[in-house]
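The block underneath contains the structure these notes are about, expressed in structure tokens.
The values are calculated or read from the model by the stated rules, or taken from the named source; none is laboratory data. What you see is a predicted model; the values in this text were computed from it and never measured. Every residue, glycine as well, gets a Cβ built from its backbone with ideal geometry; the counts of neighbours run over all protein chains shown.
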């Protein structure tokens, strides 16, 4: 089995045409049904299991919800012309302190759904000029277009969905 590259080791090729915008929006819309498909009919015991003391399946879903606020704030950064995007908490304090394992998976999914719909309503119908607005990503220290940042979010979703799938497929 191929080991997944850790998130903070990822590099991003942002040399794609703005015409991929509709595809990226479709990926962002598709995160919710994929979470539901992976987590449905799974016992709470499996959803809260923490192999190697890493995040459980519930914590993976909770983390996706936890970051929606940052993604929304960063969209505001782009739209207001900020030169530097709002920085993420690289220690993931919000997720680590949230105790997502005490929540029902349905509640975590509902929270993610509401937050993602808020983000999508802000970005799904942007024009090309807006999608090309650029700002500096604080951790990567690279300029990103708004469309690049949406790609970054979709990649982050996929990173955690792969972790979620791996956790729930283990015996």
task = Keeping to region 51-70, report how many residues are assigned to a loop (DSSP other than H, G, I, E, B) and modelled with pLDDT of 95 or more.
result = 2
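I'd like the full set of residues that are farther than 19 Å from residue 53 by Cα and not in a helix (DSSP H, G or I), limited to region 98-125.
Within region 98-125, 104, 124, 125 qualify.
Return a yes/no flag: does region 142-152 have any residue that is farther than 21 Å from residue 11 by Cα and at pLDDT 95 or above. Lay out the reasoning, then the answer.
So in region 142-152, the residues farther than 21 Å from residue 11 by Cα come out as none.
The answer is no; no qualifying residue exists.
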ask   = Quick check, is residue 118 modelled with pLDDT of 95 or more, within 17 Å of the chain's Cα centre (by Cα) and surrounded by fewer than 19 Cβ atoms within 10 Å (Cβ to Cβ)?
value = yes
inquiry  = What pairs come out if I take residues in region 25-54 that are in contact (Cβ under 8 Å) with a residue 60 or more places away in the chain and pair them with residues that are in a loop (DSSP other than H, G, I, E, B) whose C-beta lies under 7 Å away, six or more apart or interchain?
reply    = 25/124; 47/56; 49/56; 51/170
note = All-but-one check, residue 81 against (1) under 29 Å from residue 147 (Cβ atoms); (2) touching a helix residue (DSSP H, G or I) at 6+ places or on another chain (Cβ under 8 Å), failing number (2)
query = Taking region 77-97 on its own, how many of its residues are more than 25 Å from residue 27 (Cβ to Cβ) and in a helix (DSSP H, G or I)?
reply = 3
request  = Return only the number of the condition from (1) surrounded by 14 or more Cβ atoms within 10 Å (Cβ to Cβ); (2) without any contact (Cβ under 8 Å) to a residue 60 or more places away in the chain; (3) farther than 16 Å from residue 151 by Cα that residue 91 does not satisfy.
outcome  = (1)
ask   = Got at least one residue in region 154-170 being assigned to a loop (DSSP other than H, G, I, E, B) and either surrounded by fewer than 17 Cβ atoms within 10 Å (Cβ to Cβ) or out of contact with any strand residue (DSSP E or B) (no Cβ under 9 Å at 6 or more places or on another chain) (or both)?
value = yes
